[in-house]
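Trainee: Dropping the structure in here first, questions after.
The values are calculated or read from the model by the stated rules, or taken from the named source; none is laboratory data. This structure is a prediction, so every number in the text was calculated from the model and none was measured. All Cβ positions, glycine included, derive from the backbone under ideal geometry; neighbour counts span all protein chains shown. The area values use the complete protein model at the heavy-atom level, side chains included, leaving out ligands, DNA and RNA. Shrake-Rupley method; radii C 1.70, N 1.55, O 1.52, S 1.80 Å.
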Amino acid sequence: MTSQDWLARLVAIDTTSRNSNLGLIETVRDDLRARGLDPWLSSNAEGTKANLFCTLPAQDGGTQGGIALSGHTDTVPVDGQDWSSAPFTLTERDGRLYARGSCDMKGFIACTMALVPEFLATPRAKPLHLALSYDEEIACIGAPLMLADLQQRGVKVDGAIVGEPTSMQPVVAHKGLNAWRCRVHGKAAHSSLTPQGCNAIEHAAQLICAIREMAEQWRANGPFDQFYDVPYSTITTNLIGGGIAMNTIPQLCEFTYEFRNLPMLSPADIQGRIDAYVRTELLPRMQREFPGATVEIENLAAAPGLDASEQAAITQLVRALTADKSVRKVAYGTEAGLFQGAGIPTVVCGPGSIEQAHKVDEFVAIDQLAQCEKFLREVAASL
Ligand SMILES: [Zn+2]
């Protein structure tokens, strides 16, 4: 099967993050098994989603070291988007292949699967590994489980390539992403009796302003890294709800905020500043009005940033194969930071442009798939 055949097969399975990805995982697993390989799955607690990891051993049967090719199997939804063709049917127009996930990032997985027979026929001193995850699009939920399993099974990998769409150019760094939900609990009262209540919305607003203040400080004073399109860390409040009636002091206000930190800033330190503000300023103020007031903050997502070393063998290999020396750092997150955190040097490089990801009429250019195939063949040959 060609990459295009594989892509048609993969996009036909609707793996929007809210759905199970097992149809796709089983398709891949069965193909690998039929080639005599031994893929293993790691599932979520409900058994509705799974990661897949498969080692293509070295010529001497060795399974340690080598390079992992990594991709996520889920996609973002098509809800509310007006597609020109059916989003789960691969459609070719003008040298482009349209479908949800064609670019982000089933194209890379399709190339990898199409080349498995060639990888197996390539004499290699080191193994090649396939690492497919679930729920990347909802804050990299699946990959940590796979990485923990790798560690438990004593599998060592020398380097990883995460095939997110980068137009086949190496990306060596990206920001971290952390999302949090905050619930501010005050006390309800008739709105004419303000001294008897504790207004959750107003106190939440003060915390939101403090968060905004942090954002402005970073923007004005850094730290900066000019290689990023947004060269400083950001923090922003993106959802809010609270109150039950126009004439009732609200008991509850809930909001979510997220920050995207440059890899040199620690997410724990950033959240620590927010926690300190809540503890020393916000809560005492609220509890003067109502001793039972509380503020709960819960982590919804945590994906570490990536900061690949130029000296790492994987960085040098990807730079050599793509003949690309530019330092590219991006604002969007990937699983690469998790791999790096697990001690596996990692670079992001894959077919398609991030410009097309997540959008209506997502596509990958056929030419990008061809470039990716050439690149992957050379990766295998390098081993
Ligand atoms: Zn992606």
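Each row is one residue, and each column tells you yes or no for (1) in contact with a strand residue (DSSP E or B) (Cβ under 7 Å, 6 or more places away or on another chain); (2) open to solvent by less than 10 Å² (accessible area, probe 1.4 Å).
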position	(1), (2)
A114	no, no
A121	no, no
A125	no, no
E136	yes, no
A139	yes, no
Q151	no, no
P165	no, yes
A179	yes, no
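Trainee: Given the criteria of a type outside the set (G, A, S), more than 16 Å from the ligand (Cβ to nearest atom), more than 30 Å from H129 (Cα to Cα) and within 18 Å of the chain's Cα centre (by Cα), does F259 qualify?
Mentor: yes
Trainee: Given the criterion in contact with a Lys or Arg (Cβ under 8 Å, 6 or more places away or on another chain) and within 16 Å of the ligand (Cβ to nearest atom), identify the matching residue among E335, E362.
Mentor: After applying the criteria, what remains is E362.
Trainee: Let me spell it out: the conditions are (1) under 14 Å from the mean Cα position of the chain (by Cα); (2) closer than 23 Å to T48 by Cα, and D79 meets all of them except one. Which number is the exception?
Mentor: Exception for D79: condition (1).
Trainee: Against the conditions (1) within 11 Å of the chain's Cα centre (by Cα); (2) within 15 Å of the ligand (Cβ to nearest atom), where does G176 fall short? Just the number, please.
Mentor: Exception for G176: condition (2).
Trainee: Can you pull out every residue in segment 21-67 that is open to solvent by 20 Å² or more (accessible area, probe 1.4 Å) and among the small types (G, A, S)?
Mentor: Residues satisfying the conditions are G23, A34, G36, S43, A45, G47, G61, G62.
Table: residues versus (1) open to solvent by 10 Å² or more (accessible area, probe 1.4 Å); (2) more than 27 Å from N299 (Cα to Cα); (3) away from the ligand (no atom under 16 Å from the Cβ); (4) among the charged types (D, E, K, R).
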| site | (1), (2), (3), (4) |
| --- | --- |
| K156 | yes, yes, yes, yes |
| A160 | no, yes, no, no |
| C182 | no, no, yes, no |
| S191 | yes, yes, yes, no |
| C198 | no, no, yes, no |
| A205 | yes, no, yes, no |
| A210 | yes, no, yes, no |
| E213 | yes, no, yes, yes |
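Trainee: Follow-up question, since we're still on this one. Identify the single condition in (1) away from the ligand (no atom under 16 Å from the Cβ); (2) touching a Phe, Trp or Tyr at 6+ places or on another chain (Cβ under 8 Å) that K325 does not satisfy, given that it satisfies every other one.
Mentor: K325 satisfies every listed condition except (2).
Trainee: Would it be correct to say that Y228 is at pLDDT 95 or above, surrounded by 15 or more Cβ atoms within 10 Å (Cβ to Cβ) and part of a loop (DSSP other than H, G, I, E, B)?
Mentor: Considered against the rule, which asks whether it is at pLDDT 95 or above, surrounded by 15 or more Cβ atoms within 10 Å (Cβ to Cβ) and part of a loop (DSSP other than H, G, I, E, B), Y228 comes out as no.
Okay, residues lined up against (1) within 30 Å of E92 (Cα to Cα); (2) without any contact (Cβ under 8 Å) to a residue 12 or more places away in the chain:
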residue	(1), (2)
L7	yes, no
T16	yes, no
L22	yes, no
E26	yes, yes
W40	no, no
T48	no, no
P57	no, no
G65	no, no
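Trainee: Please find, within segment 262-295, the residue that is farthest from K187 (Cα to Cα) out of those that are under 20 Å from the mean Cα position of the chain (by Cα) and small (G, A, S).
Mentor: Out of the qualifying residues, it is S266.
Trainee: For the structure I just gave you, tell me whether T334 is touching a residue at least 60 places away in the same chain (Cβ under 8 Å), in contact with a Leu (Cβ under 8 Å, 6 or more places away or on another chain) and of a type in the set (S, T, Y).
Mentor: The answer is yes for T334.
Trainee: Could you please find all residues in segment 89-98 being in contact with an Asp or Glu (Cβ under 7 Å, 6 or more places away or on another chain) and either within 12 Å of the ligand (Cβ to nearest atom) or not hydroxyl-bearing (S, T, Y) (or both)?
Mentor: G95
Trainee: Would you please list the contacts, defined by Cβ atoms under 9 Å and residues six or more apart or on different chains, that run from a residue in segment 217-238 that is among the charged types (D, E, K, R) to a residue that is open to solvent by 90 Å² or more (accessible area, probe 1.4 Å)?
Mentor: Pairs found: D225/M264.
Trainee: Right, next: Quick test for you: out of P123, P165, P117, P127, pick the one residue that is away from the ligand (no atom under 12 Å from the Cβ), of a type outside the set (S, T, N, Q) and either closer than 18 Å to H72 by Cα or at pLDDT below 95 (or both).
Mentor: P123
Trainee: For segment 24-40, indicate whether the set of residues that are touching a Lys or Arg at 6+ places or on another chain (Cβ under 6 Å) and over 17 Å from L376 (Cβ atoms) is non-empty.
Mentor: Yes.
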